[in-house]
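The next block holds one structure in the form of structure tokens; read it before the comments.
The values are calculated or read from the model by the stated rules, or taken from the named source; none is laboratory data. This structure is a prediction, so every number in the text was calculated from the model and none was measured. Note: ideal-geometry Cβ built from the backbone for every residue, glycine included; neighbour counts use all protein chains shown.
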Amino acid sequence: MKNRWPAAYKIIEELEQAGFEAFVVGGAVRDFVRNAPANDVDITTNATPLEVKKIFTHTIDVGIEHGTVLVVVDEPIEVTTYRSESTYSDFRRPDGVTFVRNLQEDLQRRDFTINAMALTKEDELVDYFGGKKAIEEEIIQAVGNPQLRFSEDALRMLRAVRFSAQLNFTLEQETFQAIRSLHPLIEHVSIERVKVELEKIWLSDFPFKGMKLFVESGLSQNFPGDWERHLQSWDNFSSFNVKVNGWAFFALMQSNENINILLNHYKCSNDEKRHVKNVLEAVYSLEKGAWTLDELFLFREEVLTVAYHFGNSIFSNEIAHPLAKFLLQKRTLPITSKKDIVVNGNDLIEWTNKKRGPWIKEVLDILTGMIVNGKINNDRHEIKEWFSHEYLH
Ligand code: ATP
Ligand code: MG
């Protein structure tokens, strides 16, 4: 571990020197066993938060009541005291956390066997629940009784689907059946957390696998919108590493839902809603086979790119040109935004002596279209001549 995670190694070493136990846990151990790079490294210890804070000079309180302290040694690392989660009465979060003094109890409260292993600083694996075997067999299996575990915390059902999409693992039979029977409990989970998990599925390597499980497990029934129609299309989904494209693709598959109301339900931001609206418009305008110059001018390159791929995967008819040709056409337009026009509202006012008003925008819009379509050059003299001819008598 020393070379792989030097900061975690140092923290564990210090905790051990002070007489405590400490291990790397969670996703990092899973990814170590899989031979994959880890996102972030978490440490678990029998030291209490106060004891941890005494040992390290630079710590940040992030959730002392949950037993977590951020220890900064080169980089910030979460150090959490062994705990069990006592009783759950709302299917969401434990009523209280109980610190425990033994590692096994801490691992037992974790969601899936692949996430319930620990690693010593000498790279010895602590694996009470068969996590390594589950990784070899590529399965996601709840620790203990899945019905019980999902009743404690319903979010775990969606996490199971998400890990399956990220790792391309299968849901173990009993774990899957437990979700099939308990899926309505997901309603107790806040929509913000649901959104995060859905987006992780879309950014994963196997989004189609995730969406299929989301539907087949019954989970999708608890959320507005049509998740089943065009389910197969997710097989062609390309996210381009932007999670909002998942919402755009989802919106595209709706029949007669009001997209705005739908996205509001999932607490999408105004920026996200705007992006989705643009992508949908670009897809619909491509349905006729090609974008006009006006449309190429209107949509940003990212929007065109995503819309092109979406269109390609759902249209029955062929698109006239490859994407590269459309993008080249866009790049060679005489102007890239209205700001590039060599005359502005003040010029128009000066030429006419008319008062400022909505007419200025109307004229500039017409002018934009003419320049984009090559009907007039972006040239002051030429524009003035056209304007005088059209508007000054
Ligand atoms: P990622 O790579 O997405 O960060 P991760 O496994 O590290 O994956 P986290 O959400 O960061 O996932 O959680 C860290 C660990 O905490 C998990 O590996 C798991 O052991 C435990 N855990 C997280 N959420 C839950 C939960 N809802 N119920 C039980 N254990 C959980
Ligand atoms: Mg993590």
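Give me a count of the residues in segment 207-248 that are closer than 23 Å to L171 by Cβ and hydrophobic (A, V, I, L, M, F, W, C).
11
Check L198 against each of (1) within 13 Å of ligand 1 (Cβ to nearest atom); (2) part of a helix (DSSP H, G or I) and name the one condition it does not meet.
Going through the list (1) within 13 Å of ligand 1 (Cβ to nearest atom); (2) part of a helix (DSSP H, G or I), L198 breaks only (1).
Within segment 376-393, track down each residue that is touching a Phe, Trp or Tyr at 6+ places or on another chain (Cβ under 9 Å) and either surrounded by 13 or more Cβ atoms within 10 Å (Cβ to Cβ) or under 18 Å from E295 (Cα atoms) (or both).
Across segment 376-393, the qualifying residues are I376, K384, F387, Y391.
Is it true that L213 is touching a residue at least 40 places away in the same chain (Cβ under 8 Å) and in contact with a strand residue (DSSP E or B) (Cβ under 7 Å, 6 or more places away or on another chain)?
Against the criterion (touching a residue at least 40 places away in the same chain (Cβ under 8 Å) and in contact with a strand residue (DSSP E or B) (Cβ under 7 Å, 6 or more places away or on another chain)), L213 qualifies.
So which residues in segment 20-77 are at negative phi and among the charged types (D, E, K, R)?
Matches in segment 20-77: E21, R30, D31, R34, D40, D42, E51, K53, K54, D61, E65, E75.
Please determine whether any residue of segment 138-152 is in contact with a Lys or Arg (Cβ under 8 Å, 6 or more places away or on another chain), closer than 24 Å to P207 by Cα and within 13 Å of ligand 1 (Cβ to nearest atom).
Scanning segment 138-152, I find at least one residue that is in contact with a Lys or Arg (Cβ under 8 Å, 6 or more places away or on another chain), closer than 24 Å to P207 by Cα and within 13 Å of ligand 1 (Cβ to nearest atom), so the answer is yes.
Restricting to segment 1-34, what's the tally of residues that are touching a residue at least 40 places away in the same chain (Cβ under 8 Å), part of a loop (DSSP other than H, G, I, E, B) and over 15 Å from A118 (Cβ atoms)?
2
How about segment 1-48: which of its residues are buried (at least 17 other Cβ atoms within 10 Å of the Cβ), within 19 Å of F129 (Cβ to Cβ) and among the basic types (K, R)?
R30, the sole residue that qualifies.
Could you list, ordered by first residue, the pairs with Cβ atoms under 8 Å in which the first is in segment 38-67 and outside the structural domain of F23 (by TED's automatic domain parsing) and the second is more than 16 Å from ligand 2 (Cβ to nearest atom) and hydroxyl-bearing (S, T, Y), at least 6 apart or interchain?
Pairs found: none.
Quickly run through segment 264-282 and pick out the residues that are hydrophobic (A, V, I, L, M, F, W, C) and either more than 26 Å from I191 (Cβ to Cβ) or without any contact (Cβ under 8 Å) to a residue 12 or more places away in the chain (or both).
A282, the sole residue that qualifies.
Scan the helices (runs of 4 or more DSSP H) fully inside segment 118-190 and keep the ones with 3 or more residues being more than 16 Å from ligand 2 (Cβ to nearest atom) and closer than 25 Å to N39 by Cα.
131-137, 155-167
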